[in-house]
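J.: Take this structure first; my questions come after.
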There are 2 protein chains.
Amino acid sequence: MRKPATSPSIPGLGEGQRGEAGHLGYLLRQASLAWRARMEHALAEFAVTPPQFAALTMIGAYPGLSSADLARLSLLTPATVAGIVANLKRAGALTARRHPVHGRILQLALTAKGNAQLARCKRRVYSLEARLAEDLSPAEEKAVRRWLALAARAG
Amino acid sequence: MRKPATSPSIPGLGEGQRGEAGHLGYLLRQASLAWRARMEHALAEFAVTPPQFAALTMIGAYPGLSSADLARLSLLTPATVAGIVANLKRAGALTARRHPVHGRILQLALTAKGNAQLARCKRRVYSLEARLAEDLSPAEEKAVRRWLALAARAG
DNA sequence: GGGATATTGTTAGGGTCCTAACATTCTATT
DNA sequence: AATAGAATGTTAGGACCCTAACAATATCCC
């Protein structure tokens, strides 16, 4: 069976609404799905998922930050962050201890293992990321960056 | 409690690595998360999720396409599509019937209810989408579209 | 001191996404 | 015809991500 061709004309990845002329929201979704898939495969060797990598990066950059801080930084809800943190803690990549004064806050910090893992992941991801801009002129890259930052804010 | 300020200097959404100067992959993730959240809120009234809207749109555009076709179109796995289709079917928005000749293929098509729902969703989403490009010059929008299509393909 | 208010984190449940393993059906080759 | 190969769809298990409701802690204001 070499492709039953159920429907007559289903477009490939660059054609129809799936190419540059398609809806911006759809293009954004597609690009994000593809990037996430590439990240997943690149990080699979280290048993780290893309969201875990993002969390490790932020905790590495701001040691001692709280779970709520991490949620705000990641644009995620506290409930979602709790799951990610639980998995990283179970893997021994980070520690969560109560704030000495403010009894409810959890202060997150990387363990030595978490730091080593983060360093390995960073090398891998950054080399992948370099290919994300290689076909862009400086002016184009500037436009893309401006738009992405804009889209993250409001619209 | 007005913000305990666990860590000294955690950047806001436009600052540090979270602004235009940050990593492209991180910016893409942020933009996509924010867009998805806006979509979810816009579609919540119709009890449709963004992935469901994407599936409805594609089935509406290519009636009779198979579950595998839908997976390829969406850059998703067959298993993921099965879940989305099951939810839409349970809601009465689509039908899945066996191909008359090719006994294993499922042919997907919208019901009247699904079509009406899709029309309502489209109006809502497209008006939201218009705001996604309103601050972009034509040249910038062209650059963004080219990059998104490129990122969806390979890198 | 004693609330109203706000923030933090937790729990429960649903939808999305993956990999891995599998059964089913059809095509191609021998 | 018989077998190998390829495509379709299914199931099980795990990680992400959300909303909603809740418990615990800290601040503000009287």
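The values are calculated or read from the model by the stated rules, or taken from the named source; none is laboratory data. Since the model is a prediction, treat every value here as computed from it, not as a measurement. Note that each Cβ is placed from the backbone with ideal geometry, even for glycine, and that neighbours are counted across all protein chains shown. Ligands, DNA and RNA are stripped out before the accessible areas are found, and what is left, the full protein with its side chains, is counted by its heavy atoms. Shrake-Rupley method; radii C 1.70, N 1.55, O 1.52, S 1.80 Å.
J.: What total accessible surface area, summed over both chains, is buried at the interface between chains B and A, computed with a 1.4 Å probe and given in Å² to the nearest 100?
T.: Working: alone 11210 and 11220 Å², together 15950 Å².
Buried: approximately 6500 Å² between A and B.
J.: Of the heavy-atom accessible surface of region B:3-155 (probe 1.4 angstrom), what whole percent is carbon and sulfur?
T.: Numbers: 4310 of 7570 Å².
So the carbon and sulfur contribution to the accessible surface is 57 percent.
J.: Hey, what did region B:23-153 get for relative contact order, percent, Cα under 8 Å, at least 6 apart? Mind showing how you got there, number by number?
T.: Values: 106 pairs, mean separation 28.8, N = 131.
This gives 22 percent for region B:23-153.
J.: I'd like the trypsin sites (Lys or Arg not before Pro) in region B:84-113 restricted to DSSP loop residues with at most 16 other Cβ atoms within 10 Å, sorted by number. Before the final figure, lay out each step's value.
T.: On the way: sites: B:LYS89, B:ARG90, B:ARG97, B:ARG98, B:ARG104, B:LYS113; in loops: B:ARG104.
The qualifying sites are B:ARG104.
J.: Please label the shape of region A:82-148 as rounded, prolate or oblate, based on the square roots a ≥ b ≥ c of the eigenvalues of the alpha-carbon gyration tensor (a/c under 1.5 means rounded; beyond that, a/b larger than b/c means prolate, else oblate).
T.: Details: a/c = 3.84, a/b = 2.08, b/c = 1.85.
Verdict is prolate for region A:82-148.
J.: Nearest 20 debye, what's the magnitude of the dipole of region B:23-153 about its Cα centre given +1 on Lys and Arg Cβ and -1 on Asp and Glu Cβ?
T.: Working: 19 positive and 8 negative charges, 92 e Å.
Using only the charged Cβ atoms, the result is roughly 440 debye.
J.: Give the separation of the Cα centroids, region B:83-155 to region A:60-75, in Å.
T.: With region B:83-155 and region A:60-75 each reduced to a Cα centre, they are spaced 34 Å.
J.: Oh, and also: I need the phi-derived Karplus couplings for region B:101-116: 6.51 cos²θ - 1.76 cosθ + 1.60, θ = phi - 60°, integer Hz, Gly and Pro marked x.
T.: 8, 8, x, 9, 5, 9, 9, 9, 8, 7, 7, 4, 4, x, 5, 5
J.: What does the accessible area per residue of chain B come to in Å², with a 1.4 Å probe and no ligands, DNA or RNA counted?
T.: Numbers: 7970 Å² over 155 residues.
Value for chain B: 51 Å² per residue.
J.: By the gyration tensor of its Cα atoms, with a ≥ b ≥ c the square roots of the eigenvalues, what is the shape of region A:42-153: rounded for a/c under 1.5, prolate for a/b over b/c, or oblate? Numbers along the way, then the final one.
T.: Working: a/c = 2.64, a/b = 1.58, b/c = 1.67.
It comes out oblate by the Cα gyration axes.
J.: On a 0 to 90 degree scale, rounded to 10, what angle separates helix B:78-90 from the longest Cα axis of chain B?
T.: Compared with the principal axis, the helix lies near 70 degrees.
J.: To the nearest 0.05, what FRET efficiency results for A:ALA116 and B:ALA112 with a Förster distance of 45 Å applied to their C-beta separation?
T.: With R0 = 45 Å, the Cβ-Cβ based efficiency is 0.20.
J.: Ok, one more. Between B:HIS102 and A:GLU15, what is the label-to-label distance in nm when each label sits 7 Å out along the Cα-to-Cβ direction?
T.: Between B:HIS102 and A:GLU15, the simple spin-label model gives 1.6 nm.
J.: Could you pull the copy-to-copy label distances for B:ALA47, with points set 7 Å along Cα to Cβ, in nm to one decimal and sorted shortest first?
T.: 4.2
J.: Just read off the accessible area of A:TYR26 with the full protein assembly in place, 1.4 Å probe, to the nearest 10 Å².
T.: 40 Å²
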